[in-house]
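Student: My structure is below; once you've seen it, I'll send some questions.
The values are calculated or read from the model by the stated rules, or taken from the named source; none is laboratory data. Computed from a predicted structure; not experimentally measured. Neighbour counts are summed over all protein chains in view; Cβ atoms, including those assigned to glycine, are modelled from backbone coordinates with ideal geometry. When the accessible area is computed, the model is the full protein with side chains, heavy atoms only, and any ligands, DNA or RNA have been set aside. Shrake-Rupley method; radii C 1.70, N 1.55, O 1.52, S 1.80 Å.
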Amino acid sequence: MTATNTDPVTKRVAGRLDVRIFSDRAESGAAAARAAVAALRTALADRDEARVVFAAAPSQRETLAGLRAAEGIDWSRVVVFHMDEYIGLPADAPQRFGRFLHHELWNTVRPGAVHVIEPGDDPEAESARYAELLGRGPIDLVCLGIGDNGHLAFNDPPVADFADPLAVKVVELDDACRRQQVSDGCFATLAEVPERAITLTVPALMAGRTLVATVPGANKKAALAAALDGPVTESCPASVLRTHPDCTLFADLEAYQW
């Protein structure tokens, strides 16, 4: 059968993780959006509200565009969160992840409630505040990516903890993570990239009922290979996705062929 924009060119399973590979990032992002829309519709059919956590990164743009264009979702019943934020940037800095998601999705669909991480002068207190908001109910959907170093949110290999007792914490960003922010075009130089951030922890992300991962581009190749075929280990935090009961990963051939 000839692949179309709805048919993956490769399908496989890695542990409990369903993997779908498409010919390019536009198709993989659109497929991820369809999966996210389906999860949202299921949650809204079963409950009064849906609670969703979003990643903010260039790799997510195609998925967010698909969600932005989706019909038949009552966004007034959706409560949204994001999974990380830099510490030390001004509130109006264009690199702030809350600003990114407002621009790419939230300003268009108008969710019923938007919870933004605001590190301010006391990021530890903000971490506790955000953890309390997350803990008010189950998370129905997590839309995430994988970092060049295999991170999930800002859980870089040096700080990732699969049994983390916290839901949200302050972390130091490793150099590989900070370099990715430059290569992604978010910052002009490494010196401009903050050294600390607030992040949802690995257990908080894995607590989502449904996970949809979007992983496009050749720069993700090594991390994706380790996540799918290496050991399940905190040295590649994304490898833990293989243990989730309802996670689908969407990638393109640039990311997958190794």
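Student: So for region 177-245, what percent of the C-alpha to C-alpha distances run longer than 15 Å?
Tutor: 64
Student: Viscosity 1.567 mPa s, temperature 4 °C: what is the translational diffusion coefficient of the chain from Stokes-Einstein with a Kirkwood Rh over Cα pairs, rounded to a whole number of µm²/s?
Tutor: 71
Student: As I understand it, the dipole of region 10-100 uses +1 on the Cβ of Lys and Arg and -1 on the Cβ of Asp and Glu, about the Cα centre. Which of I21, P94, V80 lies farthest toward its positive end?
Tutor: Comparing the listed Cα positions along the dipole, I21 ranks first.
Student: Okay, next question. Just subtract the alpha-carbon distance of D121 and Q257 from 0.36 nm times their residue separation and send over the number in nm, one decimal.
Tutor: Using 0.36 nm per residue and subtracting the Cα-Cα distance, I get 44.5 nm.
Student: Pick from V182, V215, V37: which residue has the top mean-square fluctuation in a GNM of the chain where Cα pairs under 10 Å get a spring?
Tutor: V182
Student: Mind running the shape call on region 35-140? Use the C-alpha gyration tensor, a ≥ b ≥ c as the square roots of the eigenvalues: rounded below 1.5 for a/c, prolate if a/b tops b/c, oblate otherwise.
Tutor: Here region 35-140 falls in the oblate category.
Student: Here is a follow-up. Do any trypsin sites (Lys or Arg not before Pro) in region 50-144 lie in a DSSP loop with no more than 14 other beta carbon atoms within 10 Å, and if so, which?
Tutor: Passing sites in region 50-144 are R136.
Student: Classify region 120-258: rounded, prolate or oblate, from the alpha-carbon gyration tensor (a ≥ b ≥ c, eigenvalue square roots; a/c under 1.5 rounded; otherwise prolate if a/b is larger than b/c)?
Tutor: oblate
Student: Quick one: accessible area per residue over the chain, 1.4 Å probe, rounded to a whole number of Å²?
Tutor: For the chain, the solvent-accessible area averages 41 Å² per residue.
Student: Along the Cα→Cβ direction, 7 angstrom out, place labels at A188 and A163. What is the inter-label distance in nm?
Tutor: It is 4.7 nm.
Student: Would you list the membrane-span-like helices of the chain, meaning whole DSSP H runs whose alpha-carbon atoms span at least 20 Å along their axis and whose mean Kyte-Doolittle value is at least -1.0?
Tutor: In the chain, the long hydrophobic H runs are 25-46.
Student: Counting only protein heavy atoms and a 1.4 Å probe, tell me what percentage of region 39-133's accessible area is made up of carbon and sulfur.
Tutor: Heavy-atom surface of region 39-133 belonging to carbon and sulfur, 1.4 Å probe: 47 percent.
Student: Here is a follow-up. Shape of region 1-56 from its Cα gyration tensor (a ≥ b ≥ c, root eigenvalues): rounded if a/c is under 1.5, otherwise prolate when a/b > b/c, or oblate?
Tutor: Here region 1-56 falls in the prolate category.
Student: Which residue, G137, G66, G217, has the most motion in a Gaussian network model of the chain that connects Cα atoms within less than 10 Å?
Tutor: G137
Student: Could you work out the local net charge near A31, counting Lys and Arg as +1, Asp and Glu as -1, over the other residues with Cβ closer than 12 Å to its Cβ?
Tutor: That works out to -2.
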